[in-house]
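Derivation of every value follows stated rules applied to the coordinates shown; laboratory data play no part. All values reported here derive from a predicted model rather than from experimental measurement. Here the Cβ positions follow ideal geometry from the backbone for every residue, glycine too, while neighbour counts run over all protein chains shown.
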Amino acid sequence: MTISATPKFLALLCIMLGLSACAQTITTSHLSISESYLSDAIRRNLVDQVYQKAESLGGECKLLNAKRQYHTCAGQSGNPSFRFGVGYGPKGDYSVSVTSTLGHWVPPSKHAVTSGGYLTKLQKEFEQWMRSLVPENAIVRTTRTYSGYDHKEEF
């Protein structure tokens, strides 16, 4: 290697490390609630519960869409960061959801992600907490998805 090639090599090495060292896994857990279970009081209580949970973790909440009664809360609990949602989705279903974004150095394989290798303890706790908000018979479905991995499962 010549002296003139060294800066080029170092620049290329830095670019390669930079591209491979910025990875994240985004997991969303979604709990849909039966419309027959919902009342105005229950919806208000669910919103209050989500706000309290997010604020207890340092998050901030706001009404994102008044027509759909959709609220969102975001915060950082170290690594991962999190985002809650509660209200009517675009398809008309009422749900509570949580998305966590976990940053890490090396992009994981699809198998490592979809087998739960990057499912954080915090995400599992959020899922249990969401299930505790309503009776089991009021839950229409639960889904967990990993962004960019074309994978959906129940939780």
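What is the ratio of the Cα radius of gyration of region 67-141 to 2.2 N^0.38 Å, with N the residue count, to two decimals? Could you put the intermediate results ahead of the total?
Details: Rg = 14.4 Å, N = 75, 2.2 N^0.38 = 11.3 Å.
The reported ratio for this selection is 1.27.
Nearest 10 degrees, 0 to 90: what angle lies between the long axis of helix 40-56 and the longest principal axis of the chain (Cα atoms)?
For helix 40-56, the angle is close to 30 degrees.
Lys/Arg Cβ at +1, Asp/Glu Cβ at -1, dipole of region 52-155 taken about the Cα centre: which of Leu64, Val140, Pro107 is farthest positive-ward?
Final value for the positive-end residue is Leu64.
Using just the helices of the chain, give the 222 nm mean residue ellipticity in deg cm²/dmol: DSSP H runs with n ≥ 4 each add -39,500 (n - 2.57), and the total is spread over all residues, rounded to 500. Mind dumping the intermediate values first?
Numbers: 4 runs with 50 residues, N = 155.
Here the helix-only value at 222 nm equals -10000 deg cm²/dmol.
Could you give the angle, 0 to 90 degrees to the nearest 10, between helix 121-132's Cα long axis and the longest principal axis of the Cα atoms of the chain?
Long axis of 121-132 versus the principal axis of the chain: about 10 degrees.
Here are labelled values, [x] -0.94; [y] -0.65; [z] -0.80, and one is the computed log10 I(q)/I(0) by the Debye sum over Cα atoms at q = 0.13 Å⁻¹ for what I pasted. Which one?
Given [x] -0.94; [y] -0.65; [z] -0.80, the structure-derived one carries the label [y].
Here are some pairs, Lys62/Lys110; Lys91/Lys121; Lys62/Lys91; which of them have Cα atoms lying more than 27 Å apart in this structure? Could you put the intermediate results ahead of the total?
Details: Lys62/Lys110 34 Å; Lys91/Lys121 30 Å; Lys62/Lys91 21 Å.
Result: Lys62/Lys110; Lys91/Lys121 exceed 27 Å.
Where in the chain is the longest stretch that carries no trypsin sites (Lys or Arg not before Pro) classed as loop by DSSP and with at most 15 other Cβ atoms within 10 Å? Let's see the in-between values first.
Numbers: sites that count: Lys67, Arg68, Lys91.
That gives 1-66 as the longest site-free run.
List the lysines whose Cα lies under 18 Å from the Cα of Lys124, skipping any in the same chain that are fewer than 8 positions away.
Partners found: Lys53, Lys152.
Amide H to amide H, which residues 5 or more places from Gln24 or on other chains are under 5 Å from it, using H placed in the peptide plane?
His104
Is there a quick way to get the dipole size of the chain? I mean about its Cα centre, with the Cβ of Lys and Arg at +1 and of Asp and Glu at -1; what is the value in debye to the nearest 20? Walk me through the numbers before you get to the answer.
Working: 16 positive and 12 negative charges, 61 e Å.
Charge dipole, the chain, about its Cα centre: 300 debye, nearest 20.
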